[in-house]
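Written below as structure tokens is the structure these notes are about.
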Amino acid sequence: MAFFDTRNLRGDIMGGVTAGVVALPLALAFGEASGAGPIAGLYGAIIVGFLASLFGGTGAQISGPTGPMIVVFAGVFASLAGDPKLVFLAVILAGVLQILLGILKFGQYIKLVPYPVVSGFMSGIGCIIIALQTARLFGHEPVGKGTIPALQSIPGAVADPNFIALFLGLLTLAIVFFWPKNLGKWIPGALAALIIGTLISVAMPGAPILGNIPTGLPSLIIPSLSGDAMFVVLEAAILLALLGAIDSLLTSLVADNMTRTRHNSDKELIGQGIGNSVAGFFGGIPGAGATMRTVVNIRSGGGTKISGMIHGGLLFAVAVSLAPLASQIPHAVLAGILVKVGYDIIDVAYLKRAHRGPRWDLILMVLVLVLTVFVDLITAVALGVVLAALAFVKQTADEQLKNLSSIEPGTDHPEELALLREAGGRVTMFDFGGPLSFGAAADLGHQVRDKWKDGQAALIMDFSRVPNIDLSAIKAVETIAEDAEAAGKQLLISGASKEISDLLHGLDVGQKIPEAHWFQERLKALEYALSHLRVRDTLAGDDNSPPDLAAVQPAE
């Protein structure tokens with residue numbers, strides 16, 4: 001198979017050019033919002049966009065600076081006092097980590113982050129972007145760095161607005177939110193807002209503008225690491241790597257749905273890692289798969305990696321020749337574009353119908369959102385994943401225990417049903433419907449004690465549908481075996497695979513259950529238990545003394 005598929009070359013050219021036009025104002029806006037400057041956003045879009053497409057595993061994906069990545073990068077830039085040797089070292093390390101994630105085939109696991117967690121932190125990032133840009137809409141810069149200082153700056157900005165900046169900001173919002181779709185096919189709303197707002201600013205000066213922007217090729221940055229900043233750099237690199245990986249792979253899924261193709265997760269991570277690591281060496285801000293630009297590319301005809309490379313090439317042409325023109329762009333115009341980006345990131349579609357879905361998922365989503373906005377992304381995502389996993393284990397355990405407590409052979413097991421009826425409730429059988437999770441194992445002993453009433457003589461535990469067993473379940477079986485021995489009751493095991501039997505015997509649990517009490521079929525176990533009951537009933541009729549069940553041999 002050829003490295004480049006040129007069968008869709010015309011569509012790839014159209015898609016790449018269109019995606020590049022859409023990406024231009026966003027790259028400048030993200031660069032400005034990050035603190036590194038508009039040209040850093042442009043370099044990031046060029047390098048990540050080109051290399052991630054060249055080496056990645058999603059044909060039509062367009063990569064570059066995204067809202068989630070910029071929120072984290074802006075925090076890193078502020079915490080490291082804007083030192084490029086440290087800031088871009090974090091970007092380089094993030095890229096290296098993404099390459100390692102791809103080589104170690106972690107792509108399949110990153111996609112397992114639950115949707116409420118993804119929705120919560122993405123919506124939280126959208127809220128952060130809006131909070132950071134609101135003061136700029138009124139012609140003011142936020143006082144301090146971070147979400148809370150930005151929110152605290154809003155009342156002062158509203159009370160003392162720069163009216164020209166406010167007019168430009170509101171005009172930009174009107175354009176990006178209400179730009180006609182038929183015109184959007186020819187010129188995207190964000191680009192139209194950028195051009196119109198800048199032209200008005202030139203005619204009506206007074207609003208803060210970007211100012212001087214360097215042009216030409218980027219300079220090579222040699223990273224360095226000091227002991228004091230090591231923890232901050234490493235923490236930032238890990239967060240950027242994971243966030244970029246999740247963002248990219250989610251966009252890859254969107255591309256798959258639109259193109260009816262299937263991406264390569266691990267290859268995509270390697271491509272994103274190469275793009276980010278190289279971007280760090282040249283002062284480009286980090287990027288990831290960008291959903292909106294990818295959708296624009298596909299709808300414009302793009303279908304292979306060529307489209308993403310063309311997108312990067314177009315932005316490179318802008319960077320080397322047209323950057324001085326961008327110096328006249330007002331901050332308020334870029335702020336208006338970013339407010340629309342933040343709104344698009346917020347999962348409004350889910351929030352509108354969340355009340356009709358599972359209540360726990362909504363609670364988890366809101367919790368992750370709040371933690372993202374007011375604490376940090378690492379805490380939000382980590383806690384969200386842990387809580388989601390615990391909730392899933394609890395639900396699974398409850399379902400397993402529910403099935404466990406109501407076992408009764410169906411009509412398709414008439415022989416078993418007849419034997420149980422003959423036992424008259426003196427034989428209890430537990431049939432595990434599948435893997436026995438550690439959540440269910442924790443309560444297994446209690447469930448058995450509740451079912452083992454006075455007068456019951458035997459318990460059958462059927463492992464026929466249990467493919468594996470962990471230490472928690474093994475300890476639960478041990479507790480049941482000890483309880484059975486203390487109560488003078490029989491414990492029989494049926495259907496246990498060789499692997500499960502070896503594990504039980506390897507941890508000295510199987511030895512507590514007589515070898516005669518192990519059966520391949522539970523019908524045989526039931527027959528064995530009934531043979532003992534018949535003998536006991538016979539002995540009880542002749543003598544009221546309790547029978548010695550251990551001396552009774554199994555029925556042939």
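Summary table
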{"read-out": "Residue match in region 400-411 (condition: open to solvent by 70 Å² or more (accessible area, probe 1.4 Å), outside any loop (DSSP other than H, G, I, E, B), at pLDDT 80 or above and on the phi < 0 side of the Ramachandran plot)", "value": "no"}
{"read-out": "Answer residue from region 179-209, given it is small (G, A, S) and touching a Pro at 6+ places or on another chain (Cβ under 7 Å) and is surrounded by the most Cβ atoms within 10 Å (Cβ to Cβ) among those", "value": "A190"}
{"read-out": "When residues of region 504-515 are limited to those that are open to solvent by less than 80 Å² (accessible area, probe 1.4 Å), closer than 14 Å to A481 by Cβ and of a type outside the set (K, R), the one nearest to the chain's Cα centre (by Cα)", "value": "L504"}
{"read-out": "Residue under evaluation A19, criteria (1) assigned to a helix (DSSP H, G or I); (2) within 16 Å of T294 (Cα to Cα); (3) at pLDDT 90 or above, criterion not met", "value": "(3)"}
{"read-out": "Residue identified as open to solvent by 30 Å² or more (accessible area, probe 1.4 Å) and over 30 Å from S224 (Cβ atoms) among L93, L24", "value": "L24"}
{"read-out": "Filter pass, G41 being part of a helix (DSSP H, G or I) and at pLDDT 90 or above", "value": "yes"}
{"read-out": "Hits in region 147-174 - residues which are in contact (Cβ under 8 Å) with a residue 40 or more places away in the chain, under 35 Å from the mean Cα position of the chain (by Cα) and buried (at least 18 other Cβ atoms within 10 Å of the Cβ)", "value": "T147, G169, T172, L173"}
{"read-out": "Residue that is within 22 Å of the chain's Cα centre (by Cα) and not basic (K, R), where the choices are G41, G35, G59", "value": "G59"}
{"read-out": "Looking only at region 516-531, and only at residues there that are farther than 16 Å from I480 by Cβ and of a type in the set (G, A, S), the one that is nearest to the chain's Cα centre (by Cα)", "value": "A516"}
{"read-out": "Filter result (open to solvent by 50 Å² or more (accessible area, probe 1.4 Å) and in contact (Cβ under 8 Å) with a residue 12 or more places away in the chain) within region 255-269", "value": "M258, T261, N264, K267"}
{"read-out": "Any hit, region 53-66, residues being open to solvent by 10 Å² or more (accessible area, probe 1.4 Å), under 17 Å from A279 (Cα atoms) and either assigned to a helix (DSSP H, G or I) or of a type in the set (A, V, I, L, M) (or both)", "value": "yes"}
{"read-out": "Any helices (runs of 4 or more DSSP H) falling wholly within region 159-258 and containing at least 2 residues that are among the β-branched types (V, I, T) and modelled with pLDDT of 90 or more", "value": "163-178, 189-203"}
{"read-out": "Every residue from region 276-320 that is in a helix (DSSP H, G or I), open to solvent by less than 10 Å² (accessible area, probe 1.4 Å), under 16 Å from Q61 (Cα atoms) and in contact with a Pro (Cβ under 9 Å, 6 or more places away or on another chain)", "value": "N276"}
{"read-out": "Failed condition for S79, given (1) among the hydroxyl-bearing types (S, T, Y); (2) modelled with pLDDT under 90; (3) within 19 Å of the chain's Cα centre (by Cα)", "value": "(3)"}
{"read-out": "Any hit, region 477-485, residues being in contact (Cβ under 8 Å) with a residue 12 or more places away in the chain, under 15 Å from Y528 (Cβ atoms), open to solvent by less than 80 Å² (accessible area, probe 1.4 Å) and among the acidic types (D, E)", "value": "no"}
{"read-out": "Which numbered condition L112 fails, given (1) within 18 Å of M365 (Cβ to Cβ); (2) hydrophobic (A, V, I, L, M, F, W, C); (3) part of a helix (DSSP H, G or I)", "value": "(3)"}
{"read-out": "Filter result for the condition that a residue is at pLDDT 85 or above and farther than 29 Å from A94 by Cα, over P149, P155", "value": "P155"}
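The values are calculated or read from the model by the stated rules, or taken from the named source; none is laboratory data. What you see is a predicted model, and the numbers here were worked out from it, not measured in a lab. Cβ: placed from backbone, ideal geometry, glycine included. Neighbour counts: every protein chain shown. Protein only, heavy atoms only, side chains kept; ligands, DNA and RNA dropped before computing areas. Shrake-Rupley method; radii C 1.70, N 1.55, O 1.52, S 1.80 Å.
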